[in-house]
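This report concerns only the one structure given below.
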Amino acid sequence: MTLFGIALSGAAALLAGSQTWISFTLAGTEKVETVTGHEANAALSPISIAMFAAALALTIAGPVFRRVLGLLVALLGAGLVALTSGVIAAPVAAVSSRITELTGIAGEAAGASVAWSSVSAWAWVSVAAGVAAILLGAIVLLFSGRWRSAGRKYDSDRRAPGGDGAEPDRISEWDSLSRGEDPSEDIR
């Protein structure tokens, strides 16, 4: 459930970033201009994708790497909250490049040309996704040592088939074929 929550947080942040975050009008015009979350801060997409990828990596990670990924997810969530909070706190500054694009005015004068601005709820969805990632990353960091392992296929300390005197199983025989070994040599 935790892994699903992390993947969902990354997907929610990615979806939220693709939606309109800031609407504004320039002085002397009535046209409402819009800016998406990704346009307001380009770092939102890579952070969201990294959160989703971390959830996938957790499915095959060992106990130590799970904790590292849990810390990474928590840090990504904190970064998402920080980036989004910056946009929410100063929406006109976040759209300054768009204002410059529309008017040719840069710097503080660009911000002065904004007559009205509004931040949509999608920015808050991004904050919620970041907070969820922080909490879920902390859960992974603290409790993932108790999780079951992914399985023999992903173990780093596999022993050669039959090396411990036990009869090899079919999976071990296929794995030895994949390594270029002939499992029938032991039978002769």
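Give me a comma-separated list of calculated 3J(HN,Hα) values for segment 35-52, in order, Karplus coefficients 6.51, -1.76, 1.60 applied at θ = phi - 60°, integers in Hz, x for any Gly or Pro.
9, 7, x, 5, 6, 5, 8, 5, 6, 5, 4, x, 5, 5, 5, 5, 5, 5
Note down the nm distance, to one decimal, between modelled labels 7 Å out along Cα→Cβ at GLU108 and at ARG170.
Roughly 7.6 nm, to one decimal.
Taking N as the number of residues in segment 37-122, what value does Rg over Cα atoms divided by 2.2 N^0.38 Å take?
Compared with the compact-globule rule of thumb, segment 37-122 sits at 1.47.
No value in this document is a laboratory result; all are computed from the given coordinates. This is a predicted model, so every value here is computed, not measured. A quick note on method: Cβ atoms are made from the backbone with ideal geometry, for glycine too, and the neighbour counts reach across all protein chains shown.
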